Amino acid sequence: MRKIIIDTDPGQDDALAIMLALGSPDELNVLGVTAVAGNVPLHLTEKNARKICELSGRPEVKVFKGADRPLMRPLVTAEHVHGKTGLDGPDLSEPTMPLQDEPAVDFIIRSLKEEAPNTVSLVVLGPLTNIAQALIRAPEIAQRIEEIVLMGGGFFEGGNITPAAEFNIYVDPHAADIVFRCGAPIVVMPLDVTHKALTTQSRIDAFRALGTKAGDAAVALLDFFERFDEEKYGTDGGPLHDPCTVAYLLRPELFGGRSCNVAVELVSELTLGMTVIDWWGVTDRPKNATVMRDIDADGFFALLTERVGRL
Ligand code: BDR
Ligand code: CA
């Protein structure tokens, strides 16, 4: 059983990632969910995280509030993708489960110190502000992290918020830089993978066929989410980014990639937040991440549907 902390800015795709984790209690022990500002401001992301835990029938999961803005830059949000609430689509009731009093960063540091070394993984689905703040305050936790599995960046695919940068990295590039330099094992799910995980109609129909409350909510979330890419790019479905991280923990064989150096651009106005990935090993920079490029998308959606079906 792997112990994980999910750091997130829900987000419809974040919601599916949380549902995938909570639908996998035999493999994943979710120690807590830490919210960060990203897709929408923090007061909405923390509420959305609680809504999803309740929808998943898990109101006892601990949800913590983290950073309300990036380390150095003003917050950039993505209502154009996720809607005004961040979770537009389903009609979910206001959460009644409590928000924990302990700040998210304290919880992350405490968990990594209390649990045995290298037994807690961080699943990061939003800007990396909370994780960077924890590393700044307690750098010694880096060597106690089992693995950081994050959705962020893009290389051959380019960016989705600027021509060069992916949203999660762009929103807080300074935080991403700290994380990529921290020395903990890192697995990256960039746009190159997530753009291959498209929510086609038949894949959404599989959630509908579950005939459950969680299945119906997944349909409403995905129907709303995919319209952005369908309208803008004419794709068949939207890219289901964040659940790739949790799927990797459950079924790593669904993904293919390689170990290489990842660095984050912090200076250039044109390419701020770009992940510079040394895929071909043309520098002697240390390999600091396993970057995925391939996914068995049918296997991924089969896993996701099956686990949402367990909620
Ligand atoms: C990432 O940005 C957010 O909009 C999504 O939730 C995902 O984490 C994709 O670039
Ligand atoms: Ca996200």
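Structural remarks
- Checklist (1) more than 15 Å from ligand 2 (Cβ to nearest atom); (2) open to solvent by 30 Å² or more (accessible area, probe 1.4 Å) applied to residue 237, failing item: (2)
- Pairs where the first residue, in segment 289-306, is within 30 Å of residue 264 (Cβ to Cβ) and touching a residue at least 12 places away in the same chain (Cβ under 8 Å) and the second is assigned to a strand (DSSP E or B) and among the hydroxyl-bearing types (Ser, Thr, Tyr), C-beta under 8 Å, 6+ apart: 289/259; 290/259; 291/259
- Candidates 18, 6 - the one that is within 16 Å of ligand 1 (Cβ to nearest atom), open to solvent by less than 10 Å² (accessible area, probe 1.4 Å) and over 20 Å from residue 179 (Cβ atoms): 18
- Any hit, segment 251-260, residues being surrounded by fewer than 18 Cβ atoms within 10 Å (Cβ to Cβ), of a type in the set (Gly, Ala, Ser), within 22 Å of residue 168 (Cα to Cα) and in contact with a Ser or Thr (Cβ under 6 Å, 6 or more places away or on another chain): yes
- Residue 179 falls short on exactly one of the conditions (1) touching a helix residue (DSSP H, G or I) at 6+ places or on another chain (Cβ under 6 Å); (2) at pLDDT 95 or above; (3) under 15 Å from residue 301 (Cβ atoms), and that condition is (3).
- Selection status of residue 45, within 19 Å of residue 167 (Cα to Cα), out of contact with any helix residue (DSSP H, G or I) (no Cβ under 7 Å at 6 or more places or on another chain), among the β-branched types (Val, Ile, Thr) and surrounded by 24 or more Cβ atoms within 10 Å (Cβ to Cβ): yes
- Looking only at residues of segment 234-291 that are among the aromatic types (Phe, Trp, Tyr) and assigned to a loop (DSSP other than H, G, I, E, B), we find that the one that is nearest to residue 157 (Cα to Cα) is 279.
- Scanning segment 182-211 for residues that are out of contact with any Asp or Glu (no Cβ under 9 Å at 6 or more places or on another chain) and within 16 Å of ligand 1 (Cβ to nearest atom) yields 188, 197.
- Scanning segment 80-99 for any residue that is under 16 Å from the mean Cα position of the chain (by Cα), open to solvent by 20 Å² or more (accessible area, probe 1.4 Å) and modelled with pLDDT of 95 or more turns up nothing.
- Of 7, 13, all but one fail to be under 20 Å from residue 111 (Cβ atoms) and either within 11 Å of the chain's Cα centre (by Cα) or hydrophobic (A, V, I, L, M, F, W, C) (or both); the exception is 7.
- For segment 78-85, the count of residues that are without any contact (Cβ under 8 Å) to a residue 60 or more places away in the chain, of a type in the set (A, V, I, L, M, F, W, C) and within 18 Å of residue 173 (Cβ to Cβ) is zero.
- Residue 228 falls short on exactly one of the conditions (1) buried (at least 19 other Cβ atoms within 10 Å of the Cβ); (2) within 16 Å of ligand 2 (Cβ to nearest atom); (3) among the hydrophobic types (A, V, I, L, M, F, W, C), and that condition is (1).
The values are calculated or read from the model by the stated rules, or taken from the named source; none is laboratory data. These numbers come from a predicted model, not from an experiment. Don't worry about glycine lacking a Cβ; one is built from the backbone with ideal geometry, like all the others, and counts go over all protein chains shown. Side chains are part of the model used for accessible areas, which takes the heavy atoms of the whole protein and leaves out ligands, DNA and RNA. Shrake-Rupley method; radii C 1.70, N 1.55, O 1.52, S 1.80 Å.
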